1. What FRET efficiency, computed as 1/(1 + (r/R0)^6) with R0 = 51 Å and r the Cβ-Cβ distance, is obtained for Val244 and Arg40, rounded to the nearest 0.05?
2. At a probe size of 1.4 Å, how large is the accessible area of Glu209, to the nearest 10 Å²?
3. Please give the charge dipole size of segment 35-168, origin at the Cα centre, charges +1 on K and R Cβ atoms and -1 on D and E Cβ atoms. Round to the nearest 20 debye.
4. Explain nothing, just compute: Karplus ³J(HN,Hα) = 6.51 cos²θ - 1.76 cosθ + 1.60, θ = phi - 60°, for every residue of segment 250-265 in order, whole Hz, x for Gly and Pro.
5. Within segment 130-167, list the residues whose amide N lies under 15 Å from a label point set 7 Å along Cα→Cβ of Thr32.
6. So if I take the centroid of the Cα atoms in segment 257-282 and the same for segment 24-49, what is the distance between those two points in Å?
7. Considering only protein heavy atoms and a probe of 1.4 Å, how much of the accessible area of segment 36-103 is carbon and sulfur, as a whole percent?
8. Between His254 and Arg151, what is 0.36 nm times their sequence separation minus the Cα-Cα distance? Round to one decimal in nm.
Amino acid sequence: MTPKPPSPAEPPFRAPVLGDTTWRAVGRELFTLRRDPLPRMSRPRWLARLPHVIVMLAAVLLGLLTATQLFDPYQVSGDLAFFLAVLTGLAIGLALFRPIAAWWLGLVAAALIAWTIPLPLGPGATWPWTPGGLFAFAPLILLAALRVPPRVTIAVVGVSLGYTALTEALFKPVNGQSTFVGAALLFGFAGLLGYALRALRLARGELVEQETLTGEERARRTLLEERSRIARELHDVVAHHMSVISIQAQVAPHLVENPSEELKENLSGIRENALEALTELRRVLGVLRSEEPEDPANPHHPQPTLAELEGLVDNVRGAGLDVTTEIAGRRRPLTPGVELTAYRIVQEALSNCLRHAPGSQVEVGIAYGPHELHLCVANTAPTRPAPSSPGAGHGLLGMRERAGMLGGELAAGPCPGGGYEVSAVLPMDPRQPTGGSATDTKKD
């Protein structure tokens, strides 16, 4: 049998080359002119441009040092020495924006300096790097290492030392002093310093990002916990109504003489549907309640209403706050959801007064309008420093959730004189969102 030739759609197997992708990535990084500005200092803000100022000052000083050394002892002509000094300073300045391009320009300037130095050299003269040239080239490696990956930093240092070794091996004058050891120490130190500073900057950035994500996650978790609490409380309200419907459907046939079979069947169907809905509701929301069996929203505890407001205010007075209440309009019973939401908003606002405004005077106002219930809890400035609170600081978030659930609005903010005010507008009928604004109840 003759072997089957490979299909054009199936190319022959090629063994992967170890490090092939890495070397190609390093090559692309070494021959790029990509703009990569030097990052500013994050804090303090008034020192944000300090690194840029230092680099520009170093460019000027190292350029002058290069020109001075080329004049004496290397005896380079004035115009040429000035040109090479400007080229060296320009490379350092360019490193602020394009580090790899600046490194290549600095390497070209170093090669031109070595080529233009007249021979023979003076006694003790170094070559191919002048003493000032070594210190002028090290910042280029440092500024590159601050912004490129570690493998590219290694390549930059390696190429720089390779240039030094190759130049000394092929073109070193007889009386020239080797600079390879000094270059290896100085360039290696610059690369390590740049790598360390880059790693520190990235670590700080990741820490800030992680803190931001942690804060967002904490706020999201608090919101979900508050919604779970609201769901558990409203479960009791809905369960109560469904139980009433079931009982009324069971009792209704006994309130009519000779009820027809159709009426009995309809009422029996209503009762069965109510019981089935109640069972499903308890099954779904029972998971939420099981996480906190001691929660105040336990079915064995009735949900609070505004009728219990005086008891709440008395408890706060007993804790040391001067609280006054004022109720306007005709007081009347509301739907259980509105009663519960109004009570919880006032309760949370008074708790905030206890935590953050000790010794203040608190006013609680409730106004029954034709279609809306207005709430206002305002306190004066605290008379003594507030102790540190272990809470998560998301009480306002829960109050807004409760008001928004009914289609209402809630506003909170500081008052003139150092106080604070929380005001809310809740529709009497949650099916019809309020058209008013919570800020209508704010003080002038």
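1. Numbers: r = 66 Å, r/R0 = 1.30.
Rounded to the nearest 0.05, the efficiency is 0.15.
2. Around 110 Å² of this residue is reachable by solvent.
3. Working: 8 positive and 4 negative charges, 177 e Å.
Result for segment 35-168 is approximately 840 debye, rounded to the nearest 20.
4. Each residue's phi maps through the Karplus curve to give 6, 7, 3, x, 7, 9, 10, 6, 6, x, 6, 5, 5, 5, 4, 5 Hz.
5. 144-156
6. After rounding, the separation between the Cα centres reads 74 Å.
7. On the way: 2780 of 3900 Å².
Looking at segment 36-103 in its full context, I get 71 percent from C and S.
8. On the way: separation 103, 0.36 × 103 = 37.08 nm, distance 8.82 nm.
Roughly 28.3 nm would be gained on extension.
The values are calculated or read from the model by the stated rules, or taken from the named source; none is laboratory data. All figures in this text were calculated on a predicted structure; none of them were measured in a lab. In this analysis, Cβ positions are derived from the backbone assuming ideal geometry, glycine residues included, and neighbour counts consider all displayed protein chains. These area figures cover heavy atoms from the full protein model, side chains too; ligands, DNA and RNA do not enter into them. Shrake-Rupley method; radii C 1.70, N 1.55, O 1.52, S 1.80 Å.
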